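Below is one structure, written out as structure tokens; the observations come after it.
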Amino acid sequence: MASIDELMKKYNLDTSTTTAYSLIYSYAKDATQPIIFSHYAHEHRSIKEITYNKQYDYCTLYFFMSGKFGFIFDDTICNPSYGDVVIIRDREKFTSCFYTTSFVDYYEINFPVEFFNGISLINPFTKIFYDRNAPNHNMVIFNNLNREAIIDALKKIDALANEKSDFRDFLAYSYIIRIAEIICEQQSENTTALPPKKIPQALKNALNYIHAHYTTLGGIDEVSENCNITGTYLARLFKKFLLCSPNEYISELRISYAKYLLQNGSNLTDACYSSGFSNYNYFISKFKNVTGTSPAKWRNTYNQNTSSTQSSIPNKK
């Protein structure tokens with residue numbers, strides 16, 4: 001059986017910058033074709049630009065519990081929330097970003113392309129990723145019953161991480177089969193659902209500009225002028241696709257960067273002005289509004305949680 005490090009290297013899976021609570025393997029055929037299950041729960045620190053492109057050599061299912069994410073496939077955008085799944089097909093190009101450095105919690109299941117070789121075409125895995133008659137949308141939104149069933153199965157797989165049963169991988173694989181079955185059921189129900197939102201180039205341009213200049217922006221007018229778009233139209237685009245105003249989006253980016261600075265030792269004053277705020281009292285007020293606590297208390301809580309988490313996470317090896 002291949003070691004964890006060998007599998008991580010082969011399938012280009014990197015957990016070095018995150019806290020993976022569990023990383024276990026289930027095998028459909030043998031140890032050379034693993035289904036790789038991961039659970040990530042951590043404070044996402046880096047703010048990735050909207051133009052950060054990816055392409056995987058394997059098929060991936062993302063299940064989201066919390067955090068602010070965005071996925072762009074060609075000209076469509078997916079903003080998953082609690083219990084939603086995003087489907088990535090092998091060699092499919094997409095753009096992903098974490099809109100803020102908020103705490104994120106999600107599960108990830110990776111299927112190497114080799115896994116599909118030689119298995120029956122009538123199975124839920126092939127249907128999810130390769131069935132031409134299935135909805136070709138990249139995000140599945142579940143009804144309440146299916147959502148809870150998916151989450152229950154994910155938690156059961158997660159709980160197997162610390163068990164030493166001879167049947168651990170077999171049990172995990174059985175739950176993954178059930179998860180795939182539920183996704184197929186929901187895809188069939190969603191055939192009449194609204195198509196994914198198509199993101200206009202104007203919004204992409206505005207996001208690119210904001211992500212590059214949010215710490216120095218003079219205001220929304222600056223974005224409008226540099227992107228050749230009116231402020232009114234820009235506000236409509238943000239409300240429709242991101243469910244917030246441009247100012248709210250910029251404020252959350254600034255708060256996120258302030259949190260990153262505080263995590264790395266900056267004092268409150270430096271975090272305030274370096275993240276783009278020009279008024280210290282407004283920074284304190286906005287930080288409380290976004291996070292529910294003051295910058296000083298947030299930093300203390302973060303430091304305490306980090307120390308506690310690092311001491312309790314099992315060695316991945």
Just a yes or no: is a residue in segment 171-179 out of contact with any strand residue (DSSP E or B) (no Cβ under 7 Å at 6 or more places or on another chain) and buried (at least 18 other Cβ atoms within 10 Å of the Cβ)? yes
Give, as residue ranges, the strands (runs of 3 or more DSSP E) completely inside segment 8-116 that count at least 2 residues that are modelled with pLDDT of 65 or more and open to solvent by less than 30 Å² (accessible area, probe 1.4 Å). 34-43, 58-66, 69-73, 76-78, 85-88, 93-98, 103-112
Which residues, taken from segment 216-234, are over 20 Å from residue 72 (Cβ atoms) and modelled with pLDDT of 90 or more? 216, 217, 220, 221, 222, 224, 225, 226, 228, 230, 231, 232
Residue selected from segment 203-232 under the condition surrounded by 15 or more Cβ atoms within 10 Å (Cβ to Cβ) and of a type in the set (Ser, Thr, Tyr), by the criterion farthest from residue 291 (Cα to Cα): 224
Helices (runs of 4 or more DSSP H) contained in segment 154-264 and holding at least 3 residues out of contact with any Cys (no Cβ under 9 Å at 6 or more places or on another chain) and closer than 26 Å to residue 106 by Cα: 168-189, 231-241, 246-263
Can you tell me which residue is most open to solvent (accessible area, probe 1.4 Å) among those in segment 117-136 that are in contact with a Ser or Thr (Cβ under 9 Å, 6 or more places away or on another chain) and modelled with pLDDT under 75? 120
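The values are calculated or read from the model by the stated rules, or taken from the named source; none is laboratory data. If you're wondering where the values come from, they're calculated on a predicted model, not measured in any experiment. Cβ sites come from the backbone with ideal geometry, for glycine too, and all protein chains shown count toward neighbours. To get the accessible areas, we keep the full protein, side chains included, count just its heavy atoms, and leave off ligands, DNA and RNA. Shrake-Rupley method; radii C 1.70, N 1.55, O 1.52, S 1.80 Å.
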